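Contents: one structure, followed by commentary.
We did not get these values from a lab; they are worked out from the coordinates using the rules stated. The model shown is predicted, which means the values in this text are computed figures rather than measured ones. Because the Cβ atoms are built from the backbone with ideal geometry, glycine has one as well, and the counts that use them run over all protein chains shown.
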Amino acid sequence: MLTTTSTSDAPVKRAQLDLESQAWIDHLNPQSPQRDAAIVALHVHLLKAARYEVARRRTSFPHLRGDDFDDLAQQSADDALVSVLGKLDDFRGDSRFTTWAYKFALLEAGTKIRRRAWQGRELPLEPESWSLLAHAGPTPHEDAETAELLTALQDAMRTQLSPHQREVLVAVTLNDVPIDVLAERLNTTRGALYKTVHDARRKLRRALAARGLATDDSGDVS
């Protein structure tokens with residue numbers, strides 16, 4: 001644990017920090033003589049968090065090798081360190097500093113492992129199976145309703161959406177392409193893709209409503 005040092009320049013809009021969190025902030029200050037040691041110590045903590053997240057997710061990506069996971073954890077910790085150091089002024093003290101910093105490593109690890117899993121793979125931009133949309137009901141009547149809804153949805157996707165909206169919606173919601181991977185491949189941003197998906201869903205709901213159909217489409221894209 002780091003030991004605290006006194007400081008006369010208290011950051012604005014920051015809650016009263018616990019001693020350990022204040023010590024991290026003090027020692028990571030660019031003018032602190034302990035900065036280099038604090039950075040090394042912080043990287044150790046971030047690497048631990050990144051390795052945990054990579055290990056938690058690795059069962060979902062059996063085609064990746066062991067050295068891939070080690071490399072991903074190291075890269076995640078490195079990038080998380082840069083992010084934390086660049087956002088020290090954003091730390092308000094709502095949680096312990098280490099808890100706040102860990103989130104950067106977890107986010108980096110999650111993003112990187114999804115990207116690595118899709119590296120070299122062609123992005124599926126057309127439906128691999130329209131049956132992914134179908135959920136058989138427990139009765140013949142509900143099966144018929146599902147079939148009607150599915151047919152209407154297919155038609156609406158073909159006629160109401162632009163090619164770009166259709167490709168993005170299919171990739172993200174049907175073929176489970178991570179949105180950050182899709183953004184990188186299409187040379188755009190996550191925000192732009194979120195808007196594309198939102199606009200496409202709104203068009204589909206409007207088209208289905210015009211045919212007297214309704215669907216629960218409240219899911220979020222992640």
Fill in the blank from the handout: Listed with the fewest Cβ neighbours within 10 Å leading, GLU53, GLU184 appear as GLU184, GLU53
Exercise for the section: Just rank SER83, SER76, fewest to most, by other beta-carbon atoms within 10 angstrom. Expected result: SER83, SER76
Handout entry: Computed log₁₀ I(q)/I(0) - Debye formula, equal Cα scatterers, no solvent, the stretch 19-118, q 0.10, 0.24, 0.25 Å⁻¹
Key = -0.29, -1.17, -1.24
Problem - Mean separation of Cα contacts under 8 Å (6+ apart) over length of the stretch 19-118, as relative contact order % - result: 36
Fill in the blank from the handout: The lysines whose Cα lies under 26 Å from the Cα of LYS48, excluding any fewer than 8 residues away in the same chain, are LYS87, LYS103, LYS112
Handout entry: Charge dipole of the stretch 19-118 about the Cα centre (unit charges at C-beta), most positive-ward option of ALA73, GLN31, ALA41
Key = ALA73
Problem - Under 5 Å, built H, 5+ apart or other chain: amide partners of VAL177 - result: VAL172
